[in-house]
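Novice: Sharing a structure with you now.
The values are calculated or read from the model by the stated rules, or taken from the named source; none is laboratory data. If you're wondering where the values come from, they're calculated on a predicted model, not measured in any experiment. A quick note on method: Cβ atoms are made from the backbone with ideal geometry, for glycine too, and the neighbour counts reach across all protein chains shown.
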Amino acid sequence: MGMYKKTLRVALGLSIALLGTAAYATTTLTGTNVSYTFDETGLGKFGSAAVSGDSLVFSPLSPNSFMATSSGTGSAFETVHVTVTANSGYQLSAFNLSETGGYSFSGDGAVYVTGEFGALDVEGTTGNYLPAPIEAVPGSFASTSGSWTAQAAMTLPATGWGGVDGSVGSVSLKISNQLFAFAGSGSASIYKDFVGISAFTTAVTPVPEAQTYAMMLVGLGLVGFMVRRTRSRV
């Protein structure tokens, strides 16, 4: 009986471990100057992701999985977190986000998109958080059907981020999106088909190490000695 219980506990522990591994699949995609790390199983309505240059592109699954309709859910929500890390020799400076999709409405129907694009300092203090609203470009919903575009942008502070060295090498981005469709006697529908994040970097200026400073001082000392010696001979 004791051996049976022990075997059962081992089997249960192994099952939990396997489930935990399956529930979180970390993926890292490397671009030109940055890399993106995220939970591939947690993308939800954002679908799949790929890197192009230093941009991370999400492709919502077909057919229109990121959709809100007045006859269905009426709203669609999704939030993902992505860690962005600058490659050696670079630091993060700014981010842009762009989204596109389609919509239609009739009668007293209406649609809109909103959300938040934010960056969390993971090197210094986690109290450093920079939010930027996701807003539709003016005129996106000017007709009863068509395509829409939404954007957000943020520039990281020049000081106070990045830990001791002040160089921002890594941040955690949050993309939180909401789509809404409202209709009384009419109808309304809105969907998202593209989300793109662009990271901007600057080259890091190397800071001379202590040994380098020491060698510079020795060199300056030798130059001064030679100058004095030359003057004394004249």
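Novice: Can we say Ala158 is over 15 Å from the mean Cα position of the chain (by Cα) and under 26 Å from Ala203 (Cα atoms)?
Specialist: Considered against the rule, which asks whether it is over 15 Å from the mean Cα position of the chain (by Cα) and under 26 Å from Ala203 (Cα atoms), Ala158 comes out as yes.
Novice: Within region 104-125, is even one residue in a strand (DSSP E or B), in contact (Cβ under 8 Å) with a residue 60 or more places away in the chain, within 24 Å of Gly163 (Cβ to Cβ) and of a type outside the set (A, V, I, L, M, F, W, C)?
Specialist: no
Novice: Say we look at region 38-68 and pick out the residues that are among the polar types (S, T, N, Q) and buried (at least 17 other Cβ atoms within 10 Å of the Cβ); which of these is farthest from the chain's Cα centre (by Cα)?
Specialist: The residue in question is Asn64.
Novice: Taking the residues in region 161-204 that are aliphatic (A, V, I, L, M) and in a loop (DSSP other than H, G, I, E, B) as candidates, determine which candidate is surrounded by the fewest Cβ atoms within 10 Å (Cβ to Cβ).
Specialist: Val164
Novice: Restricting attention to region 69-85, and to residues there that are among the hydrophobic types (A, V, I, L, M, F, W, C) and over 23 Å from Val34 (Cβ atoms), which single residue is surrounded by the most Cβ atoms within 10 Å (Cβ to Cβ)?
Specialist: By that ranking, first place goes to Ala76.
Novice: Condition first: crowded, with 19+ Cβ neighbours inside 10 Å and under 14 Å from the mean Cα position of the chain (by Cα). Now tell me which residues in region 144-155 satisfy that.
Specialist: Ala152
Novice: Which one of the conditions (1) in contact with a Phe, Trp or Tyr (Cβ under 9 Å, 6 or more places away or on another chain); (2) surrounded by 15 or more Cβ atoms within 10 Å (Cβ to Cβ); (3) within 20 Å of Gln178 (Cα to Cα) does Glu116 fail to meet, given that it meets all the rest?
Specialist: (1)
Novice: Just checking, which of Ser88, Ser98, Ser140 is without any contact (Cβ under 8 Å) to a residue 60 or more places away in the chain, at negative phi and either in a strand (DSSP E or B) or crowded, with 19+ Cβ neighbours inside 10 Å (or both)?
Specialist: Only one candidate qualifies: Ser140.
Novice: Is it true that Gly186 is at pLDDT below 95 and under 30 Å from Gly44 (Cβ atoms)?
Specialist: The answer is yes for Gly186.
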